[in-house]
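The values are calculated or read from the model by the stated rules, or taken from the named source; none is laboratory data. Just so we're clear, the structure is a prediction, and the values are computed from it rather than from any experiment. Note: ideal-geometry Cβ built from the backbone for every residue, glycine included; neighbour counts use all protein chains shown. Protein only, heavy atoms only, side chains kept; ligands, DNA and RNA dropped before computing areas. Shrake-Rupley method; radii C 1.70, N 1.55, O 1.52, S 1.80 Å.
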Amino acid sequence: MKTQYKYYLGFLITFIIGIFLGITLFSSESEKEEHEHSQEQGEASVWTCSMHPQIRSDEPGDCPICGMELIPANQMEDDVDPDAIKMSKTARKLAQVETMTVGKEDQKTSMNFSGRLEINQDETRSISANFNARIERLYVNEEGEQVNRGQVIAELYAPEIQVLKEELELATRQENEVLLNSITRKIENFGLTVNDVKSLSEARLKLRAPRTGVVTNLQVKQGDNLKADQNLMGIADLSTLWAIVDVYESDLNRIKEGDELKINIPNQENVTGKVDFVSPILNSTSRSGKARVIIKNPNQNLKPGVFITAELKSSKSESTQNQALMVPKSAVLWTGKRSVVYQQLENENGVYFKMKEVETGSSSSDFIEILSGIEAGDEIVTRGAFSIDSEAQLSDKPSMMNPEGGPSSSAHNHGDMNMSNASSESKVNSSSETISEKTDVVKTLINDYAELKDALVQDDFETSKQKYKQVNSSLSKLNSNTFKGANKVKDIDELREIFIRLSEKVIAIAKTSNPTESAIYIQKCPMANQNEGATWLSFSKEIKNPYYGASMLKCGSVIDSIQ
């Protein structure tokens, strides 16, 4: 009986413990399900923009920045790279994003030059007076006038030649051969012919053009008294011209006589010619040399003084060792010592873009070699990289100007910016909205920036300071970080250093919003910023370098455009 009692007691205790455990486990599971369900509802009640994830709303609608439809926040992938920017198909279309898969190609090297057409000095004759005279009549009065061989171009009063004529006549009458030969040599030493002297009338000599061509370097006017050996003018044959191009110091050993250049002339068909001379002398100011190409101009449609660009192309052998990662120049964003590209990443939740720092090598007119940072097979952005980079900056992601990511006002000090540590995140969001909403301020900023650039081109420090102050003022109206005060800038060199970072910021803003209704060109000088390269904006394709001004006005090239 006692044993049976213990059996029932143990069974009862086991039953009670089972009931307790069951209640506990099912209660926890239920609470967990309720928590997860509540969390899903919470996430679904928050709406965001795939292109501007900083936007948060309690209800569906459109993004106040780009106008895209908001999506539930729980649709945004949490396990992707936190440094990547997610963009929907619509967002990519708005940003005009284009990509390519990187692959190894035969390494093609080319160099681009700028220069201008000049008169072929080998086909130019200088006209001088080898005797004292006075210009009684001058029949050419403008440089560029066309003259023909033997045409009378001036009438000189030359008493010295009148004496020579009388001596010639005397020797002729006397039939003195020795004297005649002596007088003839004297006439030839004066640059005249016997007929020129015989045609002399009352000491007035007709000066004739020695060749057909156009008048150049006209240095006299009617009534001038001439001294012996004084130059009057030149006559040039324009059926051939010199194309003179500037060659950077680093490229001088890559160009040689016999190389073929493709020359681009505004409003004319492209021409080709071979280099016939490379100057061994380097300009100490511009750090460049000169190379010369002779081009034909039979119809004289090409004019001396016209600015040109030229390209030298060469292909290396197609061996494996000469294959390299070549990407379009438009894919690379330059800032100081750093070069970056944006790599496209994709999974089942969408498309993302992540900034990658790269090391660049040799370049051609359209492509540049990538030495490290990306690999063959990577997909990179070739168009629209600036738009993506602008979004990265506004979203506190790693970007060209802020490689570490996070609020830029606390992470770095770019170009002597005046940065406040307060409310960094709200300041970024405010800038994003302001750029899209305050188009008048953005337009004023870009126009002020263009005037600052023009003042730097002209080496005008005082005007540059005034325009720089206006640019800073416009930046402050956009709730954006400003730069060092204009009154603290000591000289134009310091201002040009600030202009490097200022340009990067204005380019990013212009990529986000361009209210000017004009195309804006992004241009780059490879020698600025201690040969690391620096960019700027211009409303014109013509290169006018703000970093060097008159000393290297044409140094640079167009690398991108903002429509």
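From (1) closer than 30 Å to Leu252 by Cβ; (2) modelled with pLDDT of 75 or more; (3) β-branched (Val, Ile, Thr), pick out the condition that doesn't hold for Thr109.
All conditions pass for Thr109, except number (2).
Can you run down the residue pairs with Cβ atoms below 6 Å, 6 or more apart or on separate chains, where the first is in segment 519-548 and of a type in the set (Ser, Thr, Tyr) and the partner is open to solvent by 10 Å² or more (accessible area, probe 1.4 Å) and in a helix (DSSP H, G or I)?
Every condition considered, the pairs that remain are Tyr547/Arg496.
When both residues are 6+ apart or on different chains and their Cβ atoms are under 7 Å apart, which pairs have a first residue that lies in segment 397-410 and is within 14 Å of Ala508 (Cβ to Cβ) and open to solvent by 40 Å² or more (accessible area, probe 1.4 Å), and a second that is in a loop (DSSP other than H, G, I, E, B) and at pLDDT 60 or above?
Lys397/Asp83; Lys397/Gly405
When the residues of segment 488-532 are filtered to those that are in a loop (DSSP other than H, G, I, E, B), among the charged types (D, E, K, R) and farther than 18 Å from Ser330 by Cα, which remaining residue is least open to solvent (accessible area, probe 1.4 Å)? Talk me through it step by step, then tell me what you get.
As a first pass, look at segment 488-532 and keep what is in a loop (DSSP other than H, G, I, E, B): 489-491, 513-519, 526-527, 532.
From what's left, among the charged types (D, E, K, R): 490-491, 517, 532.
Applying the additional criterion that residues be farther than 18 Å from Ser330 by Cα yields 490-491, 517.
On the way: Lys490: 168, Asp491: 69, Glu517: 174 Å².
Among residues in segment 488-532 that are in a loop (DSSP other than H, G, I, E, B), among the charged types (D, E, K, R) and farther than 18 Å from Ser330 by Cα, the one least open to solvent (accessible area, probe 1.4 Å) is Asp491.
List pairs: first residue in segment 367-380 and part of a loop (DSSP other than H, G, I, E, B), second residue open to solvent by less than 50 Å² (accessible area, probe 1.4 Å) and not hydrophobic (A, V, I, L, M, F, W, C) anywhere in the structure, Cβ distance under 7 angstrom, at least six positions apart or on different chains.
Within 7 Å, the pairs are Ile374/Gln343; Ala376/Gly103; Asp378/Gln343.
Any idea how many residues of segment 198-238 are touching a Phe, Trp or Tyr at 6+ places or on another chain (Cβ under 7 Å) and in a strand (DSSP E or B)?
Adding up the residues that qualify gives 1.
Return the residues of segment 161-185 that are charged (D, E, K, R) and either loosely packed, with under 14 Cβ neighbours inside 10 Å or within 60 Å of the chain's Cα centre (by Cα) (or both); say none if nothing qualifies.
Initially, segment 161-185 is screened for residues charged (D, E, K, R), giving 165-167, 169, 173, 175, 177, 185.
If the condition is that a residue be charged (D, E, K, R) and either loosely packed, with under 14 Cβ neighbours inside 10 Å or within 60 Å of the chain's Cα centre (by Cα) (or both), then Glu166, Glu169, Arg173, Glu175, Glu177, Arg185 are the ones that fit.
Say we look at segment 253-263 and pick out the residues that are among the charged types (D, E, K, R), open to solvent by 90 Å² or more (accessible area, probe 1.4 Å) and not in a strand (DSSP E or B); which of these is farthest from Val306 (Cα to Cα)?
Arg254
Every residue, every condition in (1) open to solvent by 60 Å² or more (accessible area, probe 1.4 Å); (2) farther than 30 Å from Arg204 by Cα; (3) touching a residue at least 24 places away in the same chain (Cβ under 8 Å), yes or no:
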residue	(1), (2), (3)
Leu226	no, no, yes
Gly234	no, no, yes
Ser239	no, yes, yes
Ile265	no, yes, yes
Asn270	yes, yes, no
Phe277	yes, yes, no
Leu282	no, yes, yes
Arg292	no, yes, yes
Asn299	yes, yes, no
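Can you name the number of the only condition in (1) modelled with pLDDT under 75; (2) within 26 Å of Ser503 (Cα to Cα) that Gln323 fails?
Checking Gln323 against (1) modelled with pLDDT under 75; (2) within 26 Å of Ser503 (Cα to Cα), the one that fails is (2).
Can you tell me which of (1) in a loop (DSSP other than H, G, I, E, B); (2) exposed (fewer than 13 other Cβ atoms within 10 Å of the Cβ); (3) not acidic (Asp, Glu) is the one Asn195 doesn't meet?
Result: Asn195 passes all but (1).
Output the residue which, of all residues in segment 150-185 that are in contact with a Phe, Trp or Tyr (Cβ under 7 Å, 6 or more places away or on another chain) and in a helix (DSSP H, G or I), is farthest from Lys206 (Cα to Cα). Explain how you work it out, then say what you get.
If we filter segment 150-185 for residues that are in contact with a Phe, Trp or Tyr (Cβ under 7 Å, 6 or more places away or on another chain), which is where we start, we get 152-154, 158, 160-161.
In the following step, the residues that additionally are in a helix (DSSP H, G or I) were identified as 160-161.
Numbers: Glu160: 14, Ile161: 11 Å.
Top of the filtered list is Glu160.
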